[in-house]
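Trainee: Before I ask anything, let me first share the structure, which is written out below as structure tokens.
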Amino acid sequence: MQTKASVDTVSGTKVTVVGVGQVGISIAFSIMTQGIASEMTLVDVMEDKLKGELMDLQHGLTFLDNMKITAGSDYALSAGSKLCIVTAGAQMREGESRLDLDQRNTNILKDIIPKLVQYSPDTILLIVSDPVDLLTYVAWKLSGLPKERVIGSGTNVDSSRFRFLLSERFDVAPTSIHGWIIGEHGDSSVPVWSGVDVAGVRLRDLNPAAGTSEDTENWNSIHRQVIQSAYEIIRLKGYPSWAMALSVSVLTRAILNNTRNVYAVSTFVEGIHGVQYPVFLSVPCVLGENGITDVIQQTLTEDELTQFQKSAATLNEVQSNLVF
Ligand code: NAD
């Protein structure tokens, strides 16, 4: 068979995923099945795992839109990536403090981020590793990239859990419910009860106390369930992966296809909602080919603002103790 001369081109929709643990590989699979990227590179420190995952994914390509997949520990493979997704992370050791773990994860990013930016100087970074808000700040500092090109997966998945739980109570599809969780991805996340609506009908117009301590309908139990669900999934199956993978693949689609959809992602919030610290927290953001183009400033209640600002102050304190 006659073959064409090979021309090496840099694809406009190349994605790199760093870390092929449970979360990273689920994200890679989700991106692959949705046909979002033309090229995908997987990077990790575990060569055998990389090779096994690569073969397993490649053998499924016959059933999908074709794409090029490569894998290895050499960051040169990531060259020309439009988007780099970072899921590499260390797990907590027995007796280790939260700050020690934060420092270890910071050290992992010190290894990864400069290499990604070296090979893809105009890339957009999407950080998934936890604690995601803190590590997005660290990645921004290490990368030297403009802040709109460094994004944390943030509370996009928390908002999805919120909308799903609301959908069960309303008996309406989650996609038809507007509901946002903002702030820190984790225990101090802020549910924006004042903004929950279906087709413009606000929950707070039907029940002005919804989500407050005076609420006899106990809507706030849904937020408690959102916070607990990550712990519950870890207890039941060991790690959360599928919802996270879908959440990250829609963010990937928005960036690669310049869709300008609005998602709750972690971004630089100094000056937003009265925050006076250089921290990253989630707010609804418009996503496109240049990263975050706009932040949607919701009208928050006094209570929601206080919770958001408290998260920012706590995060700033932890951040100032990190060495990098
Ligand atoms: P995992 O332990 O299964 O995988 C981590 C991977 O990172 C491993 O394959 C490991 O080899 C790799 N790695 C470690 N150091 C590396 C380095 N220097 N360079 C390249 N690769 C390296 O963990 P997981 O369950 O896949 O979770 C990954 C991260 O995502 C964790 O930090 C976890 O807490 C976080 N997470 C975040 C969310 C979120 O909503 N933001 C949700 C779930 C998990």
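Trainee: Across the range 142-177, which residue is nearest to the ligand (Cβ to nearest atom) among those that are free of Cβ contacts under 8 Å to residues at least 60 places away in the same chain and among the small types (Gly, Ala, Ser)?
Mentor: 143
Trainee: If I filter the range 226-245 for residues that are of a type in the set (Gly, Ala, Ser), within 21 Å of residue 152 (Cβ to Cβ), in a loop (DSSP other than H, G, I, E, B) and within 12 Å of the ligand (Cβ to nearest atom), do I get at least one hit?
Mentor: Of the residues in the range 226-245, the ones of a type in the set (Gly, Ala, Ser) are 229-230, 238, 241, 243, 245.
Those left that are additionally within 21 Å of residue 152 (Cβ to Cβ): 229-230, 241, 243, 245.
Among the residues that remain, those that are also in a loop (DSSP other than H, G, I, E, B) are: 241.
Remaining after also requiring within 12 Å of the ligand (Cβ to nearest atom): 241.
Checked the range 226-245: at least one residue is of a type in the set (Gly, Ala, Ser), within 21 Å of residue 152 (Cβ to Cβ), in a loop (DSSP other than H, G, I, E, B) and within 12 Å of the ligand (Cβ to nearest atom).
Trainee: Sticking with this structure for a sec: What number of residues within the range 111-136 are more than 21 Å from residue 157 (Cβ to Cβ) and surrounded by 15 or more Cβ atoms within 10 Å (Cβ to Cβ)? So that I can check it myself, show each step before the final result.
Mentor: At the first step, the residues of the range 111-136 found to be more than 21 Å from residue 157 (Cβ to Cβ) are 111-123.
Pick out the ones that are also surrounded by 15 or more Cβ atoms within 10 Å (Cβ to Cβ) and you get 112-113, 115-117, 119-120, 123.
Number satisfying all stated conditions: 8.
Trainee: Picking from 108, 124, 69, 112, which residue would you name as being touching a residue at least 24 places away in the same chain (Cβ under 8 Å), within 26 Å of residue 240 (Cβ to Cβ), within 14 Å of the ligand (Cβ to nearest atom) and among the β-branched types (Val, Ile, Thr)? Reasoning before the result, please.
Mentor: On the way: 108 fails: touching a residue at least 24 places away in the same chain (Cβ under 8 Å); 124 fails: within 14 Å of the ligand (Cβ to nearest atom); 69 fails: within 14 Å of the ligand (Cβ to nearest atom).
None of the others qualify; the one that does is 112.
Trainee: Look through the range 310-319, keep the residues that are crowded, with 18+ Cβ neighbours inside 10 Å and either of a type outside the set (Ser, Thr, Tyr) or assigned by the TED database to the domain that holds residue 105 (or both), and return whichever of them is farthest from residue 210 (Cα to Cα).
Mentor: From the range 310-319, those crowded, with 18+ Cβ neighbours inside 10 Å are 311-312, 315, 319; that's our starting set.
Adding the requirement that they be either of a type outside the set (Ser, Thr, Tyr) or assigned by the TED database to the domain that holds residue 105 (or both) leaves 312, 315, 319.
Working: 312: 25, 315: 28, 319: 34 Å.
The selected residue is 319.
Trainee: Taking residue 81 as the residue in question, decide whether it is at pLDDT 95 or above and either within 16 Å of the ligand (Cβ to nearest atom) or surrounded by fewer than 19 Cβ atoms within 10 Å (Cβ to Cβ) (or both). Steps first, please.
Mentor: Working: at pLDDT 95 or above: yes; either within 16 Å of the ligand (Cβ to nearest atom) or surrounded by fewer than 19 Cβ atoms within 10 Å (Cβ to Cβ) (or both): yes.
The answer is yes for residue 81.
Trainee: Given the structure, is residue 97 over 17 Å from residue 248 (Cβ atoms), polar (S, T, N, Q) and more than 9 Å from the ligand (Cβ to nearest atom)?
Mentor: yes
Trainee: Looking at the structure I just gave you, is residue 220 in contact with a helix residue (DSSP H, G or I) (Cβ under 9 Å, 6 or more places away or on another chain), more than 16 Å from the ligand (Cβ to nearest atom) and over 25 Å from residue 129 (Cβ atoms)? Even if it seems obvious, please write down each step before you answer.
Mentor: Values: in contact with a helix residue (DSSP H, G or I) (Cβ under 9 Å, 6 or more places away or on another chain): yes; more than 16 Å from the ligand (Cβ to nearest atom): yes; over 25 Å from residue 129 (Cβ atoms): yes.
Taking the combined requirement at face value, the residue satisfies it.
Trainee: Test of understanding: among 136, 175, which residue is under 23 Å from residue 104 (Cα atoms), polar (S, T, N, Q) and part of a helix (DSSP H, G or I)?
Mentor: On the way: 175 fails: under 23 Å from residue 104 (Cα atoms).
Residue meeting the stated conditions: 136.
Trainee: Working only within the range 41-66, note down all residues that are charged (D, E, K, R) and within 12 Å of the ligand (Cβ to nearest atom).
Mentor: Of the range 41-66, the ones charged (D, E, K, R) are 44, 47-49, 51, 53, 56, 65.
44, 47, 48, 49, 53 - these are the residues of the range 41-66 that are charged (D, E, K, R) and within 12 Å of the ligand (Cβ to nearest atom).
Trainee: Quick check on residue 139: is it of a type in the set (A, V, I, L, M, F, W, C) and either assigned by the TED database to the domain that holds residue 294 or surrounded by 24 or more Cβ atoms within 10 Å (Cβ to Cβ) (or both)?
Mentor: Values: of a type in the set (A, V, I, L, M, F, W, C): yes; either assigned by the TED database to the domain that holds residue 294 or surrounded by 24 or more Cβ atoms within 10 Å (Cβ to Cβ) (or both): yes.
Yes.
Trainee: Need pairs with beta-carbon distance below 6 Å; first residue in the same structural domain as residue 182 (by the TED database) and within the range 193-217, second among the β-branched types (Val, Ile, Thr); sequence gap 6+ or separate chains.
Mentor: Hits for this filter: 194/301; 198/172; 198/177; 203/196.
Trainee: Quick one: which residue in 182, 124, 227, 177 is β-branched (Val, Ile, Thr) and in the same structural domain as residue 84 (by the TED database)? If you could, list the steps in order and put the result at the bottom.
Mentor: Values: 182 fails: in the same structural domain as residue 84 (by the TED database); 227 fails: in the same structural domain as residue 84 (by the TED database); 177 fails: in the same structural domain as residue 84 (by the TED database).
Exactly one residue qualifies, and that residue is 124.
Trainee: Could you check residue 92 against (1) in a helix (DSSP H, G or I); (2) within 10 Å of the ligand (Cβ to nearest atom); (3) hydrophobic (A, V, I, L, M, F, W, C) and say which number it fails?
Mentor: Result: residue 92 passes all but (1).
Trainee: Which residue is surrounded by the fewest Cβ atoms within 10 Å (Cβ to Cβ), if the candidates are limited to the range 249-290 and must be of a type in the set (S, T, N, Q) and part of a loop (DSSP other than H, G, I, E, B)?
Mentor: Let us first name the residues in the range 249-290 that are of a type in the set (S, T, N, Q), namely 249, 252, 257-259, 261, 266-267, 276, 282, 290.
From what's left, part of a loop (DSSP other than H, G, I, E, B): 257-259, 261, 276, 290.
Numbers: 257: 14, 258: 13, 259: 14, 261: 15, 276: 11, 290: 13.
Only one residue tops the list, namely 276.
The values are calculated or read from the model by the stated rules, or taken from the named source; none is laboratory data. Because the structure is a prediction, the values reported are computed rather than measured. Every residue, glycine as well, gets a Cβ built from its backbone with ideal geometry; the counts of neighbours run over all protein chains shown.
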